[in-house]
Every structure is written in C-alpha cells, then in structure tokens.
Amino acid sequence: MKRFATLFSALDQTMRTGVKTAALAAYFNDAPEDDRLWTIALLSGRRPRRTVTTTRLRAWAAEAAGIPPWLFEACYPVVGDLAETIALVLPPATRESDRTLSQWIAVLRALDKADDDTRKATILGAWDQLGTVERLVFNKLITGGWRMGVSQKLMTRALSTATGIAEADLTHRLMGDWTPDTASWATLIEAPDPTADLSRPYPFYLAYQLDQDPHALGHVTDWLAERKWDGIRGQLILRGANHYLWSRGEDLMTDRFPELAQLVDFLPDGTVIDGEVLAFADDRPLSFARLQPRIGRKTVPRKLLAEAPVILMAYDLLEWGGQDMRPRPLSERRAQLADAIAALPPDLPLRLSPAVPASGWSDLAAARDQSRDIGAEGLMLKRLGAPYLAGRKKGDWWKWKVDPLTIDAVLIYAQAGAGRRATLYTDFTFAVWNGDDLVPFTKAYSGLTDAEFGQITAWVRKNTLERFGPVRSVTPHHVFEIAFEGIQPSPRHKSGVALRFPRMVRWRKDKPLHEANTLDDLKQMLAQYG
Amino acid sequence: MVLRFTPSGIYCPAGDFYIDPWRPVDRALITHGHADHARPGNAAYLATPSAAPVMRHRLGDIALETISFGETRQIGDATVSFHPAGHVPGSAQIRVAVKGEVWVASGDYKTVDDGLSEPFAPVRCHTFITESTFGLPIYNWPDQTALASQINAWWAATAANGQTAVLGVYALGKAQRVLRLLDTAIGPILTHGAIEATNAVLRGQGLSLPATIPVTPDLDPKSHPRALVLAPPSALGTPWMRRFGPVSTGLASGWMALRGIRRRRAADRGFIISDHADWAGLNSAVAATGAERVFVTHGYTNHFSRWLTEQGYDAGIVETAFGGERLDADEDMTK
Ligand SMILES: [Zn+2]
Ligand SMILES: [Zn+2]
C-alpha cells in the first residue's frame, strides 16, 4: 500500500499532466502486476464491491477518534470527503504494514461474509497500521469516488509510455466488461485477443460546445446538422448473435432496454451503431423525465415498458459487417447507416436521426431556436469529411446548444460550501413569489465569481434570520437570475417542479425584490417545456 | 462580567478599555500585531515590547505604551497582565482580574514552541476566551521536524530540476518561522518586499534570522540559482512571479491539512504549518486554564463550544455579528 500511497501523493501534489503521467508510468513499470491491474481498475471507475457500509465506517471512526458522532458529522462537510475525514480524525497509527494494494483489497473483500464484529476489528486494525495517506486510500477503496485528478486519457497515456503499446489500442482494450478477477495484466494489456470480447465498445467521440460564430466553421454544406436529442447516448453492438448496449460512462445497459434485442434479427452480425436512447411515442420523443424511471433499474416491469417505450435514434455507424468504419468520412458512414435503416420494417425501435436541412447558417440558427418545441437540446454539427475520433476532440464535432431557460428568483436560504469552500456561503436555496409568499423551488451552487461569493457571504452573516444546523435563513432581499436546462413536474417539491442543472448566472442587484418571477411563471414554463 | 462582548469588541467596564477592538476606541489592549487584531485609529495602545515594533511599522505614529510579560498594571478597577500566547513574536494572552474574578482573552495562540515566539504559557482563570480557528478534530499538526525536512526536500528537488521554489507564507510570524526551518546549504533565500520589511523589524529587535536577499526590481534571479523565494500568498500567480522563470510553488498554512483546499489553491505543494493551536492544542490549553466558563470566538465557534459543553464546561459563543467570525489574517488562505 505504501507504493500506491506514494503514487497517490505524487499525483495529488502536482497540477502538471506531464509530471502525473511520469509518476503513473513509473508506477506501471515497478509495481506488482496485481497492483497495476487494480490501479487501472480504480482509475477507470471499477472498485471492489462494498463490504462495509459508510454508516458503520463513520461510527467506528468517531469511536476510535474519541469524538461524538455529531462532531464527526460536523467535520465531514468541512473536509468534503468521507474517506479523508476519517483519515484525519483518527489517532496516529501504532504499527506499520507491508501489505500491497491488492492484498488490502483482498482483506476488504473477505469481509463480505464476515459478521459485524470481525468487520469492525479488521477495519480498526487496518487504520492502526496505516499512515494518513494510506488510510485515505484504504478508505477510498471502501467508499469509492476516486478523484485522483487522473483522466482515463492520462492513465492510458501513462500506460502507453510504460508498455510501448499505442494509446488508441490501449483505450480499446480497457473498455468493456472486465474486472481484476476476470482479467490479468497479461490478458488485458499485453496479449489481448481482439475477438475475445465481442461486447467491447469503441471509445465514444465527444463534442465540444460551439464557442464561436458558426460562420467560422466554413461552408454549411460541409456539415451535417442533426438535433441534439435529450436522452442517453448509447452504443449498440450486434456481434456473435448477441446485442450489447453501452452508455458513454461505459455502463452496460443492455438489460434495461430489452426492446432493442429484436434488432439482432434484422441487422447483419458485426454492426455497431452510435445513437441516443430516447423514450419515444406517437412519432416524437418524450421528455427526459419519462425516460428517467428506466435508467435506475436493471430489469424493466411490463407496465413501464408500455409507458415509456424506447428507441435508438441512430447517429453514426462505427462497424458494418465486422469492418471498422471509423476511419471513413462521416458522409460515407451516414449513407450506409441510412441505407441499412431504410431496409428495416418501420416499426422497429431504430430510427435515423434526421438531418436538419440548411442552405445557410441562418437556417440552422432558426432551427436551433425551435429545439425546445420538439424536445431537443439544440443542434449537433458534424463535419461530413471527418473520421469518427476517440474522446473529446475539437474541430469536427460541435454541440450548439439552445440558450438555457432563465428565471429571476429570491435568495432565502444559504449554506456554507464543502471542503475548499467551507468558509464561504455557496449553496443557496431560491424562491419565487406565490401571492405574498415565497415558495422555494431550487438550489444552486455555482455560477458566481469568488469575489461575489465573498460579498454574499458577508451579507448572509449580517442578515441571518434563523439557523437550522448548517443552514441559515436570510432576509429576502437579493434577486438572482437562475439558468437551467429543463423543467419537469415533481410532487416531492413544494413548488411542484424540479429543474435540470440549475445555476446562478447573474446577481440581479438592479432588480427589486418584488420583481422576481412567480410560481405561475414557473408553471407556465412547465406546461410549455416539461 | 469582567469582560463584555460589544459591537466594538471585547470591553472591560471596570477598566474602560477594549481588547483588540474592531472600531476605534480610547484605550486598546492589543494581543499582537496581525491586521485583524491591531487596527488603526485607537487613541491609546498597550502591547508587549516585542509586539510593539511591528505595530509601529504597520500603524505608524501611534500612542503606544508597552507592558512586559508578567508585569501587572492597574487600569481603573481592573488588574491587567500579558502572558505569552506563542502565536508570533510578542503575541500575548491578556489576563484581566476584577475583585478576584479572573478572565483571560487568548487572542491567537499555539501551544507548540516554534523556536521564535515566546512559548505559550497557560494562565489560570475563571473564564477563558479562546480562539477556535482550527477547532475541529480534523486538524492535527504534524511534527515540526518532519515538516522541515518535507520543505527542504521539496526545495532541493526543485533546485535539482533547475527551477525556483516559491513558498507562500504570511509576512509576520510564518515567514520567520519557516526561515529558521530552511536548510541554507541547499541554496540562497530570496524575499518579497513585504516579507523583508517584517524581517527587518524583527531583526531590529534582536531576533536572529538566516541571511536573505530582497527581490528588488534590479535583482537578476538568474544570478541566484537554486534559490527559494519567500512571498506572501497573494503574490503567487501574479506577474511579479514571472521574473523567476520556471517555478514550483508551495504554500505553508494550517489549511493545507485539507486536500480540497490544497487543490483549490493550485500550488504545487501544501505544507501544514500553522501559528494556531490544533485540536489537541486547543483542548489542552482550555484544560490548563482551569476555567469553568469558556467563550469561543474566531473559527468553528458552534462546534467547539458544543464540544466543550459536553466536556462539562459552561461554554458559549462570542456572537459573531461584529466580525469575529472572519478567518485570521495570517491563516486566511481560502480567499
Ligand atoms: Zn494572528
Ligand atoms: Zn487572528
């Protein structure tokens, strides 16, 4: 564990990607093979199954630290991370340990069938033989949520430096459904069999937000414009008479969308389609809210299947007849995709995402403005001559999102931020008018400058009405413009609505309190866009 | 009440004076020279002789009387004395006794001997007003020797890379404490103007510090390879830094104990070194006073006072609407 903790510190101590890559590459060269494999797994979001609940961890940590549970809970939001909070409050270790990362993981996994006393003794024993950084790492193994400032891309680059294998090749090898139990360093990294894992997806190509006038992109005829659909990006793989559906986050979602299974009978083996999973009925997409109940569950009850039927809105063709299509230009891939879909019976849950016709950029600007009316988030612009790249790359793909919805709201509650922002009030609750009452309807955390957060923090302290634990109610006075991407009905909220991605965009110091928006305004937005 | 909490600060009715007032008053007793404790505009000041030079340097021509550590002085019906707080050179806790009832206002303090400040000395009292800048059990300072070797190892590695090490430290106290921890065999030490000015004041009162080279406009950093630069945290990331070429940056503060803050500050390294007491320090200091009543100010007031209440103290919060909730200037790295 010491070797891994050293790596963790080295990564933590620098902002420079070059230094991080070098530290990781050195680790991949000299750490034990099992540890390397687990490190790759951890950095790509795979963690050992949780064998201890965080409730227990908190209780045991407080007990070991000799502090009451409330004090532990008071520390947590200041640190902003449970694993770190525990590492910090514990008394210094009295012993040392030579166990490696994978050996400690084995210790944790063995707790699966253990009784509570054994679990407690094991965890307390571990804490007593690990240094502060090792403890943090150990706790992270239990709680998950690794953020080591290492992207998958950076890790792949380091792995490439250490092994001499090309980055793109490694990216592909690391995708898919492996775990450190099913794979070894040799099978995963060194001697992979390209046919071994039929389910393995291609890395998704991700677009940047358009940050310039579209005229700068050149001729509109060099581009394909499509709707940016508000569903779940997915990659459908049909190989070996099976089908697999991957999310962008490398989640295998196959069983959640059984409708798509029938496609195996209609499309040739060796077909891979990039598209958007949408709830869809009566020839039009349903709102994201309708799709949501289907995301959380592994299997789908019949009723839900009927209420929110899904389709795959196809964007791109990555493999056809077992051939990797990605190096070919989009125009060619798209033509092949259109032909393939045109030949299918019309009631199959697969559609071609229609091209938005345009003879000039102004046509597209107008089409973009209508996005919300047809349930889209904006437009996607893709260069017709471009290959399908891996990851987020600038130049050939752009998302041109519609402007967010906005509403002017009154600040009524404030709460201090976590960790780095523990000394500032950064978490706010906002309300709209309902007659003479203010009805809370959303929280927002981001969008102000540090100077503005400082200003509002000073104001909150002077204008607190009441304290409820960490939350303060404040004199209604300040109006903020809140931007959000969508609105949906929510019986759990007093206001009856829930917003998607709310954030503060402007502190409306110019706006008097009574000119903030009303609950009726919100309801009207819900009727229009919900 | 021997001391009262008023909008102008801590007030003693029996002696008609204030301790570290926030607004200008007739008579101010000052615990130490940090900006959030020694403010301009008071008609008369009282502080220790070793705190006085910095106060004069910062506040100019003020009516300042000094009182030695342990010396007692009668002010009205109050008996006053100053006792070492171990925070920075000259920093004091102020003891006020009226008719046999004793209160102590801690100011800022730390219980670890930094080798520079007069070491903290507990003072028995009935009521103790304690700071709580780091009043949560997540703050436990590492051993100072280990810390010195961390800083020196970073400096040496940075120098070996052909880079300049720039360490952000508060000008009064932290800078001089760090200076004494540095291994001058590694290379020369350069100082930002704000830090050199304070160094000069402290050298003037007899403190010995290693040799430093002030960074002036005509100084060529290239003629001082392997250097470590001490600068106020606010100078990091400004154009002032350009002259040093490739740098590795560090910050020295108690807040560096938290990974989130370390990362947010975007310095390459964070060193956990504070001039305030950590969790254990605060608890041992409170216990050593023998006080039954404790008022908590300056930091995690709610949590620390609740904790003390559960430990059997009659603990309260110094209401913070007057500005006491602000972080200390010397530790305010989170801005
Ligand atoms: Zn201070
Ligand atoms: Zn202070």
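Values as computed for the structure displayed
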quantity: Some residue of the range B:73-90 being of a type in the set (S, T, N, Q) and either within 16 Å of ligand 2 (Cβ to nearest atom) or assigned to a loop (DSSP other than H, G, I, E, B) (or both); calculated: no
quantity: Any chance A:SER102 is of a type outside the set (Asp, Glu) and surrounded by 18 or more Cβ atoms within 10 Å (Cβ to Cβ); calculated: yes
quantity: Within the range B:38-47, considering residues that are open to solvent by less than 10 Å² (accessible area, probe 1.4 Å) and within 14 Å of ligand 1 (Cβ to nearest atom), the one farthest from B:HIS83 (Cα to Cα); calculated: B:ALA38
quantity: Test: residue in the range A:471-482 that is within 14 Å of chain B (Cβ to nearest Cβ), open to solvent by 30 Å² or more (accessible area, probe 1.4 Å) and at pLDDT below 90; calculated: yes
quantity: Failed condition for B:ALA35, given (1) surrounded by fewer than 21 Cβ atoms within 10 Å (Cβ to Cβ); (2) within 14 Å of ligand 1 (Cβ to nearest atom); (3) part of a helix (DSSP H, G or I); calculated: (3)
quantity: Residues of the range A:137-159 satisfying the condition of being closer than 23 Å to A:GLY80 by Cβ and buried (at least 21 other Cβ atoms within 10 Å of the Cβ); calculated: A:VAL137, A:PHE138, A:ASN139, A:LYS140, A:LEU141, A:ILE142, A:VAL150
quantity: Qualifying positions in the range B:92-116 - open to solvent by less than 10 Å² (accessible area, probe 1.4 Å) and either part of a strand (DSSP E or B) or of a type in the set (Ser, Thr, Tyr) (or both); calculated: B:ALA92, B:GLN93, B:ILE94, B:VAL96, B:TRP103, B:VAL104, B:ALA105, B:SER106, B:TYR109
quantity: Identity of the residue in the range A:407-431, away from every other protein chain (no Cβ under 12 Å) and touching a Phe, Trp or Tyr at 6+ places or on another chain (Cβ under 6 Å), that ends up farthest from B:ILE261 (Cα to Cα); calculated: A:ALA409
quantity: Within the range B:164-185, tally of residues that are buried (at least 19 other Cβ atoms within 10 Å of the Cβ) and either closer than 24 Å to B:ASP218 by Cα or of a type outside the set (A, V, I, L, M) (or both); calculated: 14
quantity: In the range A:47-91, residue farthest from A:THR423 (Cα to Cα) [restricted to those that are facing chain B (nearest Cβ under 9 Å) and among the acidic types (Asp, Glu)]; calculated: A:GLU84
quantity: Helices (runs of 4 or more DSSP H) wholly inside the range B:232-335 containing at least 1 residues that are within 16 Å of ligand 1 (Cβ to nearest atom), at pLDDT 95 or above and more than 9 Å from chain A (Cβ to nearest Cβ); calculated: B:279-289
quantity: Sole exception among (1) buried (at least 21 other Cβ atoms within 10 Å of the Cβ); (2) under 22 Å from A:PRO404 (Cα atoms) for A:SER446, by number; calculated: (1)
quantity: Residues located in the range B:66-82, provided they are within 17 Å of B:TRP103 (Cβ to Cβ) and either within 16 Å of ligand 1 (Cβ to nearest atom) or acidic (Asp, Glu) (or both); calculated: B:ASP77, B:PHE82
quantity: Listing of helices (runs of 4 or more DSSP H) fully contained in the range B:131-229 that carry 1 or more residues being within 14 Å of chain A (Cβ to nearest Cβ) and within 25 Å of the chain's Cα centre (by Cα); calculated: B:144-160
quantity: In the range A:298-339, the residues that are open to solvent by 50 Å² or more (accessible area, probe 1.4 Å) and in a strand (DSSP E or B); calculated: A:TRP320, A:GLN323, A:ASP324
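One line per residue, one yes/no per condition, for (1) open to solvent by less than 10 Å² (accessible area, probe 1.4 Å); (2) touching an Asp or Glu at 6+ places or on another chain (Cβ under 6 Å); (3) among the acidic types (Asp, Glu); (4) modelled with pLDDT under 95:
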residue	(1), (2), (3), (4)
A:GLY45	no, no, no, yes
A:THR51	no, yes, no, yes
A:THR54	no, no, no, yes
A:TRP60	no, no, no, no
A:PRO68	no, no, no, no
A:TYR76	no, no, no, yes
A:LEU88	no, no, no, no
A:ALA93	no, yes, no, yes
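Here's the yes/no breakdown for (1) over 17 Å from B:HIS87 (Cβ atoms); (2) open to solvent by 30 Å² or more (accessible area, probe 1.4 Å); (3) away from ligand 1 (no atom under 15 Å from the Cβ); (4) touching a helix residue (DSSP H, G or I) at 6+ places or on another chain (Cβ under 8 Å):
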| residue | (1), (2), (3), (4) |
| --- | --- |
| B:CYS12 | yes, no, yes, no |
| B:TYR18 | yes, yes, yes, no |
| B:PRO24 | yes, yes, yes, no |
| B:VAL54 | no, no, no, yes |
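The values are calculated or read from the model by the stated rules, or taken from the named source; none is laboratory data. Treat the numbers as computed from the prediction; the structure is a model and nothing was measured. Note that each Cβ is placed from the backbone with ideal geometry, even for glycine, and that neighbours are counted across all protein chains shown. With ligands, DNA and RNA removed, areas are computed over all heavy atoms of the protein, side chains included. Shrake-Rupley method; radii C 1.70, N 1.55, O 1.52, S 1.80 Å.
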